[in-house]
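These notes are about the structure you will find just below.
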């Protein structure tokens, strides 16, 4: 009998409707998706197709209007706001288009922050941050502040921060959207290496086909729905 691994992420019939405008906006329309450990999945589609909404809900940053999301076997609708915060801190890493580094913290402090938020001792958090900084190529910038970094360096720091606590899932929303083509390619190569060599599970959103080509599986979205799922057989 074939035994399938437990999904890292499972979305079942997820719908998201935004209200407050002149008319409700249905950003997601019954989306179902699952990722298993070690997958690198790119969600692609034009602006407004729902891919960022799907990532935000998958990362426990928003709640669906209908349907269910589970991360690591924990259904998000069963968690209160404090529970969602704890899940994000311990099980999920985030990489954003505009880096979202804290400007008053050094590179080392930015990377160590997720561990400190989960109660790690400062010496242990600092040691882990130094180790991962070497892996992503920013160990020479640890005393610098975000304003002193190039775009590529800032995104490498953001990736280090996203993986330092060894999350189940890394959510990357347009991680190359604010970078030139050469730097963007370097960042994608780094994400692919972390996925391949360390088993980091990645869910990435992009509108660019060449970015999606870095993934092992590509999910195409349009008008809030999944049109097709290539490479995963799921």
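The values are calculated or read from the model by the stated rules, or taken from the named source; none is laboratory data. Model, not experiment: these values are computed from the prediction. Note: ideal-geometry Cβ built from the backbone for every residue, glycine included; neighbour counts use all protein chains shown.
Consider segment 165-183 and keep the residues that are within 18 Å of residue 152 (Cα to Cα) and over 10 Å from the mean Cα position of the chain (by Cα). The one that is surrounded by the fewest Cβ atoms within 10 Å (Cβ to Cβ) is 182.
Within segment 8-28, the set of residues being at pLDDT 90 or above and either over 21 Å from the mean Cα position of the chain (by Cα) or part of a loop (DSSP other than H, G, I, E, B) (or both) comprises 8, 17, 18, 26.
A single entry from 108, 102 fulfils the requirement of being assigned to a helix (DSSP H, G or I) and more than 24 Å from residue 9 (Cα to Cα): 108. Here 202, 219 are screened, and the one residue that is assigned to a strand (DSSP E or B), within 18 Å of residue 34 (Cα to Cα) and touching a helix residue (DSSP H, G or I) at 6+ places or on another chain (Cβ under 8 Å) is 202.
Going by what's in this entry, would residue 36 be described as modelled with pLDDT of 95 or more and closer than 12 Å to residue 10 by Cα?
Answer is no for this residue.
Listed by first and then second residue, the pairs with beta-carbon distance under 9 Å, at least 6 apart or on different chains, first residue in segment 62-88 and at positive phi and free of Cβ contacts under 8 Å to residues at least 24 places away in the same chain, second buried (at least 19 other Cβ atoms within 10 Å of the Cβ) and not in a strand (DSSP E or B), form an empty list. Being within 27 Å of residue 73 (Cβ to Cβ) and either modelled with pLDDT of 95 or more or touching a strand residue (DSSP E or B) at 6+ places or on another chain (Cβ under 9 Å) (or both): is that true of residue 108 here? No; evaluated as a whole, the condition is false for this residue. Considering segment 63-73, the residues that are surrounded by fewer than 16 Cβ atoms within 10 Å (Cβ to Cβ) and touching a helix residue (DSSP H, G or I) at 6+ places or on another chain (Cβ under 8 Å) include one that is farthest from residue 93 (Cα to Cα), namely 68.
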